[in-house]
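*Asks:* Sending over a structure as structure tokens; questions will come in a sec.
The values are calculated or read from the model by the stated rules, or taken from the named source; none is laboratory data. Remember, predicted model here, so these are calculated numbers, not experimental data. Cβ placement follows ideal geometry from the backbone for every residue including glycine, while neighbour counts extend to all protein chains displayed. When the accessible area is computed, the model is the full protein with side chains, heavy atoms only, and any ligands, DNA or RNA have been set aside. Shrake-Rupley method; radii C 1.70, N 1.55, O 1.52, S 1.80 Å.
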Amino acid sequence: MSSQSQIDKKTIQKIASLAQLALTAKEEDLYTTQLGQILNYVSQLSEVNTENIEPMVTATEMLVTFREDEVKKMLTPDEVLSNAPERSGHLFKVPPVL
Amino acid sequence: MDFDKLSVKTIAEKIQNKELKAQEVVAESLNRAKKSQKDLNSFITICEAEALKKAEQIDKQVSGGKGVGPLCGVPVAVKDILLTKGIKTTAASKILGNFIPPYSSTVVEKLERAGAVIIGKTNLDEFAMGASNENSAFGVVKNPWDLTRVPGGSSGGSAAAVAAKITPASIGTDTGGSIREPANFCGIVGIKPTYGRVSRFGVVAFASSLDQVGPMADTVESAALMLEVISGKDEKDSTSANVAVEEFSKIKAKDVKGLRVGLPKEYFVDGIEADVKKSVEEAIKILKDAGAQVKEISLPMTKHGIAVYYLIAPCEASANLSRYDGIRFGYRSSDATSLEELYKRSRGEGFGAEPKRRIMLGTFALSSGYYDAYYKKACQVRRLIKEDFDKAFTQVDVIVTPVTTGPAFKIGDKSSDPLAMYLNDIFTLPPSLAGIPGISLNCGYTKQGLPIGVQLLSNHFEEAKLIQAGCVIEANQKEVKKVPYGL
Amino acid sequence: MDYETIVGLEVHAQLLTNTKLFCACSTEFGVGDNENTCPICTAMPGALPVLNKRVVDFAILTGLALNCKIRSHNVFARKNYFYPDLPKGYQISQFEDPICVGGKLSFLNEGKEETIGITRIHMEEDAGKSTHHGTFSLINLNRSSVPLLEIVSEPDFRSPKQAAEYMRYLRSVLLYLGVCDGNMEEGNLRCDANVSVRKKGETKFGTRVEIKNINSFRFVEKAIEYEAGRQIDLIESGQKVSQETRLYDPDKNRTISMRSKEEAHDYRYFPDPDLLPISVDNQWVEKIKNMLPELPLEKLKRFMKEYNLPQYDSEILTDKKEMALYFEEVAKNSKNPKAASNWIMGDLLRILNEQKKDITQAPITARQLADLILNIDSAKISGKIAKTLFDELATGKHAGLSIDEIISKNNLAQVTDTKAIEVVIDKIMTANSGQVEQYRAGKEKVFGFFVGQVMKEMKGQGNPQIVNDLLKKKLKGGE
């Protein structure tokens, strides 16, 4: 998990693209350094022997609770669309997808 | 109208008994909130009209002879990360800058049903990511004990509002210390409940496996009453627990003979400032004097808490923050002509530096080829951290630790170094990762007069033990200083 | 050089629940834009998923029907990618811990029973719908978070036809289970195909290409056929097949490249912390097991054995649960399965086809058809009358009436009374004395003429055997 080398500007650009974030050149530089530092810090975990340790995903050991299959209406379409930056009737409007 | 010295319970009783009017109390609270804004900046939105209207309704109900609820007419401040129907909810982010939710969070509904009056939405670190409240798109919050210092974060506004006596209680959220640390910096009480104790429905998600809503208040009793009101299973949150809610507010200071108190040696290390050490030791002595048995314990995985947390929380956040895409709500960049540009610009311009940093970190740690080494590894060590606590709680009932290594730091001191800021959370992160409850309450002051808190921890769903021990410390505290900031 | 085509299918089936996978919104189709949406399925801040129990029931039921192992520990994962009709920016699906694994399904391909492996079945949510309008696109989230099962087969298919037959049979099973309506036009059942080719005798798999967006049985076959051909052409011309995702274009019957392996998504799956693990215990599985109906292939085999029907007939009769039910009701009540099968396979299917109805809307009830057969078998009515009666019933004018009522109301019962028949014969012989003479002179061909005349007079209701016997006697007897 030696990480300093994993983070270069190209990686940062790839990650930003995966995360759909437009970064300025300055931000790219900053995150290259900072993520490198953080990853370097967290690399301490490689010291810990975790063989056969089941990952703990949530802070509770409980099991999920279910919902019965009954329809309940919570909002009207107008309420759902009330914060839409752009809409057309009861549809969300976006720049062309294709 | 002066409610400074009244507990939440007393205010509610006095309003219910018609000794006070909800409208007077709420108006005073609103006045203080407005007056404090330019110094403290603890609110993003003050809901004056809504609050006054609600107070009027409550007074009407009371004069009509109706019992309103345990928070009858009590003004409360709610962290601006809990959704309030019809009232702007921003998470302190430009990306949600004008979001008006069409529904309320379960906690807000419970507060309102109990008769509380929400006077405003408090400032926070953007998306609750931070420990100083400096990461807000709506400006820094200042600590009422020293306006040049941070109030702590991320629930900085909620802490400052209570410390400055704007409201007797407030609601915060705690993911890795965001209630306990600002309570500690502002000299008040904050409870991070057991994960699953309080519904997360309608709370803007930061890290789903860690986020928990909790109360902040002037006194342990007030915090306990708030906790009692907001706790309980919610069918809208699968992770909320079906565990009975005790009458926390009825717990009183008494002797704690037989209470086994553990002091984890990993939490009492060299880096702790002398004043902090002294104050925490005083709190321990109070417990001892009240009959507790104190012993040293070990939580060997403590040192890995930060690394584990700063992998798991960003991973979860990177997905939780994907919904802010400029399509259905929130900020949309005005000059995007293609969909990809719309995403990238809206998110690039809408998120502040800290959310972006964590999205980047989380996206990287989950990406192909790194998942096992980062996310999965962190989850494995998380289990070891929890097992440390499991083992400890077979030997002790309550664990006592400092909250932070020092008191509130100066605004700007750590803001340029994210890692230094993250290290601030060293004592609050492991309990969050284990999902156990914690309380932070004042136990002393630095030589300069800044408040210092102590953190008490217990096993899952044993908040009552924390409240019990907290009441004892509070009742026997040698000196209680008055906050210098006056309204 | 001979090539072998290797195919694996990933079938997506929309589940027939009342509500969505993670919220209480209705799954009803064809409602107003964004009518069936809420904070959860539009991914508003603060919204949390709560699992619909019936989806798990349906997943277990389907898994049992496909002979899978039902896993007790189940986890939902987030599959991260950005698309406007995916409001959360991730799809909640199952990744490492699917609910069903290691199954198999047997089906008939050109009359022969074949078995293919089922790798896994998992639960996931559907996305919304984007429509494209040149300078902008519009998003409707009614479909967002509607529950789906993804049924992944092993790469066991060796021909396009085999894959299509599996798909047909799987649809039939899902309909039997009542978990999916099987409507492919609306996209409620759709599939992706993983296709590769290799030279015969080769043991290693070739490079795999995923074809998306196949929404009819015909296209399953055509898309695979085209794709296999394309891959063979590449290899034959010395080129390499590249691993990629392609889209099937039914209008031009070809596949087109969607994205290469390099452009493949990095989905960053991780367990969804909003949903705790689901534990499916034995008790739950047993409860669902009791709900498992007889499946089409078992039923087919039983029909062949129990009713002595040909395989082809059994296949058609068991394709739909309702059809099989109808048949069995007719067979049992008429005590004549062969006749029941003949009537259904012939006249009933013809009428349903003409009237564009399915078996549940049949104008003739199973009870009526059974009675019709009983009446034929007891010689109360003739086969010819029965046909008339059937067509009459098919008009739907006699809904609610029993066959006996219709027969007596319309005087359709077969006449077996010899006296009554003799009266008619006498009448016809008198009126056609010339032909009587011819017959008696040895021209036996005119016998047919007399039968026809008598039956005509009797409106077809005379019992043919009795008419024949009496007519012969009278014509020969000479009076």
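*Asks:* Using +1 at the Cβ of each Lys and Arg and -1 at the Cβ of each Asp and Glu in the protein assembly as shown, identify which of C:450, C:400, B:365 lies farthest towards the dipole's positive end.
*Replies:* So the residue we want is C:450.
*Asks:* Run a plain Debye calculation on chain C (Cα atoms as equal point scatterers, no solvent) and give log10 I(q)/I(0) at q = 0.10, 0.14 Å⁻¹, rounded to two decimals, same order as the q list.
*Replies:* Result of the Debye calculation: -0.87, -1.35.
*Asks:* Further question: Starting from the Cα of residue C:129, draw a straight line to each of the lysines and keep only those under 21 Å, dropping any in the same chain fewer than 8 residues away.
*Replies:* A:73, A:93, C:20, C:79, C:88, C:212
*Asks:* Can you give the alpha-carbon Rg of the range C:3-288 over 2.2 N^0.38 Å, where N counts its residues?
*Replies:* Values: Rg = 19.2 Å, N = 286, 2.2 N^0.38 = 18.9 Å.
That works out to 1.02 for the range C:3-288.
*Asks:* About the Cα centre of the protein assembly as shown, how large is the charge dipole given +1 on each Lys and Arg Cβ and -1 on each Asp and Glu Cβ? Please answer in debye to the nearest 20.
*Replies:* On the way: 137 positive and 138 negative charges, 179 e Å.
So the magnitude is around 860 debye.
*Asks:* Could you give me the ³J(HN,Hα) list for the range C:354-371, computed from phi with Karplus coefficients 6.51, -1.76, 1.60 and θ = phi - 60°, whole Hz, x at Gly and Pro?
*Replies:* Once θ is set to phi - 60°, the couplings for the range C:354-371 become 4, 8, 6, 10, 9, 4, 5, 9, 3, x, 10, 6, 4, 4, 4, 5, 4, 5 Hz.
*Asks:* Let me check against my output: what whole-number percent is the relative contact order of chain C, with C-alpha pairs under 8 Å and at least 6 apart?
*Replies:* Working: 831 pairs, mean separation 65.7, N = 479.
Dividing the mean separation by the residue count of chain C yields 14 percent.
*Asks:* Another question, then. Report ³J(HN,Hα) in whole Hz for each residue of the range C:229-236, in order, from the Karplus equation J = 6.51 cos²θ - 1.76 cosθ + 1.60 where θ = phi - 60°; Gly and Pro get x.
*Replies:* x, 4, 5, 4, 4, 4, 5, 4
*Asks:* Here's another thing I want to ask about it. Any chance you could give the angle, 0 to 90 degrees and rounded to 10, that helix C:296-306 forms with the longest Cα principal axis of chain C?
*Replies:* Once rounded, the angle reads 30 degrees.
*Asks:* If you don't mind, another one. If the cut-off is 26 Å between C-alpha atoms, which lysines fall inside it for residue C:335, apart from same-chain ones fewer than 8 positions away?
*Replies:* Cross-link targets: C:299, C:301, C:305, C:320, C:321, C:380, C:384, C:387, C:409.
*Asks:* For the range B:394-487, what is the relative contact order in percent, using Cα pairs closer than 8 Å and at least 6 residues apart in sequence? The partial results should precede the final answer.
*Replies:* Details: 108 pairs, mean separation 29.1, N = 94.
It rounds to 31 percent for the range B:394-487.
*Asks:* On full extension of the chain, what length is gained from residue C:367 through residue C:418, given 0.36 nm per residue of separation minus the C-alpha to C-alpha distance?
*Replies:* On the way: separation 51, 0.36 × 51 = 18.36 nm, distance 3.13 nm.
Result for the pair: 15.2 nm of gain on full extension.
*Asks:* Let me ask something else about it. Relative to the longest principal Cα axis of chain C, at what angle does helix C:464-477 sit, 0 to 90 degrees, rounded to 10?
*Replies:* With both axes taken from Cα atoms, the answer is about 20 degrees.
*Asks:* Also, quick follow-up: What accessible area, in Å² to the nearest ten, does a 1.4 Å probe give for residue C:69?
*Replies:* Taking all protein chains as shown, residue C:69 has close to 120 Å².
*Asks:* Take the alpha-carbon centre of the range C:56-119, take the same for the range B:350-371, and report the distance between them in whole Å.
*Replies:* When both Cα centres are located, 30 Å separates them.
*Asks:* Going down the table (B:165/B:391; B:265/B:414; B:252/B:285), which pairs top 30 Å between alpha carbons? Please report the intermediate quantities before stating the final value.
*Replies:* Numbers: B:165/B:391 40 Å; B:265/B:414 27 Å; B:252/B:285 19 Å.
Check vs 30 Å cut-off fails for B:165/B:391.
*Asks:* Amide H to amide H, which residues 5 or more places from residue B:169 or on other chains are under 5 Å from it, using H placed in the peptide plane?
*Replies:* Close amide H contacts, sequence-distant or interchain: B:77.
*Asks:* Quick one: which residues, 5+ away or cross-chain, put their amide H under 5 Å from the amide H of residue A:87? H built at 1.01 Å from N.
*Replies:* A:93
*Asks:* May I have the count of lysine pairs in the range C:418-477 with C-alpha atoms under 21 Å apart, counting pairs 8 or more residues apart or located on different chains?
*Replies:* The result is 29.
*Asks:* Follow-up. Which number do you get for Rg(Cα) / (2.2 N^0.38 Å) in the range B:264-351? Before the final figure, lay out the partial values.
*Replies:* Values: Rg = 23.8 Å, N = 88, 2.2 N^0.38 = 12.1 Å.
Taking the Cα Rg and dividing by 2.2 N^0.38 Å, one obtains 1.97.
*Asks:* If you line up the long axis of helix C:447-457 against the longest principal axis of chain C, both from Cα atoms, how many degrees apart are they, to the nearest 10?
*Replies:* It is inclined by approximately 80 degrees.
*Asks:* Picking from C:182, C:228, C:430, whose Cα lies most toward the positive end of the charge dipole for chain C (charges on Cβ: Lys, Arg +1; Asp, Glu -1)?
*Replies:* C:430
*Asks:* Something else: Which of the peptides C:81-91, B:31-41, B:181-191 is most tightly packed, and how do the rest follow, judged by the mean count of other Cβ atoms within 10 Å per residue? Walk me through the intermediate numbers first.
*Replies:* Details: C:81-91: 21.6, B:31-41: 17.5, B:181-191: 32.5.
Highest-to-lowest ranking by the protection proxy: B:181-191, C:81-91, B:31-41.
*Asks:* Inside 10 Å of the C-beta atoms of B:163-176, what's the mean count of C-beta atoms belonging to other chains? Working shown, then result.
*Replies:* Details: counts 0, 0, 0, 0, 0, 0, 0, 0, 0, 0, 0, 0, 0, 0.
Per residue, the number of nearby Cβ atoms from other chains is 0 on average.
*Asks:* Further question on the same structure: At a probe size of 1.4 Å, how large is the accessible area of residue C:287, to the nearest 10 Å²?
*Replies:* Using a 1.4 Å probe on the heavy atoms, I get roughly 110 Å².
*Asks:* What is the Rg over Rh value, at two decimals, for the range B:8-254, using alpha-carbon atoms and the Kirkwood definition of Rh? Don't skip to the answer; put the middle values down first.
*Replies:* Values: Rg = 16.3 Å, Rh = 17.3 Å.
Over the Cα atoms of the range B:8-254, Rg/Rh equals 0.94.
*Asks:* Using only C-alpha atoms and all pairs of different ones, pull out the Kirkwood radius for the range B:323-477 in Å with one decimal.
*Replies:* Details: mean 1/r = 0.0520 Å⁻¹.
The answer is 19.2 Å.
*Asks:* Ok, one more. Averaged over B:340-351, how many beta carbons belonging to a partner chain fall within 10 Å of each residue's beta carbon?
*Replies:* Working: counts 6, 2, 5, 10, 8, 3, 4, 8, 8, 2, 1, 2.
Across the residues of B:340-351, the mean count of other-chain Cβ atoms within 10 Å is 5.
*Asks:* Would you list which aspartates and glutamates come within 14 Å of residue B:257, measuring only between C-alpha atoms, while excluding same-chain residues fewer than 8 positions from it?
*Replies:* Straight-line reach from residue B:257, under 14 Å: B:289, B:397.
*Asks:* Shifting gears a bit: Rounded to the nearest 5, what % of DSSP beta bridges with both residues in the protein assembly as shown are antiparallel? Intermediate values should be presented prior to the final figure.
*Replies:* Working: 93 of 115 bridges.
Given both bridge residues lie in the protein assembly as shown, the antiparallel proportion sits at roughly 80 percent.
*Asks:* How many Å² of accessible area per residue for the protein assembly as shown, probe 1.4 Å? Before the final figure, lay out the partial values.
*Replies:* Details: 40950 Å² over 1064 residues.
It amounts to 38 Å² per residue over the protein assembly as shown.
*Asks:* Could you sort B:330-343, B:62-75 so that the peptide with the highest average Cβ count within 10 Å comes first and the rest follow in order?
*Replies:* Averaged packing, sorted descending, gives the order B:62-75, B:330-343.
*Asks:* Can you work out ³J(HN,Hα) from phi for every residue in the range B:296-311, in order, using Karplus 6.51 cos²θ - 1.76 cosθ + 1.60 and θ = phi - 60°, giving whole Hz and x for Gly and Pro?
*Replies:* Each residue of the range B:296-311 in turn: 7, 10, 10, 10, x, 7, 3, 5, 8, x, 5, 4, 5, 5, 7, 9 Hz.
*Asks:* Right, another one. Mind pulling the per residue volume of the convex hull built on the Cα atoms of the range C:296-409? Å³ is fine. Mind showing how you got there, number by number?
*Replies:* Details: hull volume 10.3 nm³, N = 114.
Enclosed volume per residue, from the Cα hull, is 90 Å³.
*Asks:* Determine the shape class of the protein assembly as shown: with a ≥ b ≥ c the square roots of the Cα gyration tensor eigenvalues, call it rounded for a/c under 1.5, and otherwise prolate if a/b is greater than b/c, oblate otherwise.
*Replies:* Details: a/c = 2.88, a/b = 2.20, b/c = 1.31.
Here the protein assembly as shown falls in the prolate category.
*Asks:* Cβ neighbours within 10 Å, averaged per peptide: list B:280-286, C:429-435 in order, most packed at the top.
*Replies:* Values: B:280-286: 19.9, C:429-435: 13.1.
Packing order, densest peptide first, comes out as B:280-286, C:429-435.
*Asks:* Looking only at chain B, where both bridge partners belong to it, what percent of the DSSP beta bridges are antiparallel (to the nearest 5)?
*Replies:* Around 65 percent antiparallel, to the nearest 5.
*Asks:* Over all residues in B:199-205, what is the mean tally of Cβ atoms on other chains that come within 10 Å of each residue's Cβ?
*Replies:* Numbers: counts 1, 3, 6, 6, 3, 4, 6.
So the per-residue partner count for this stretch is 4.
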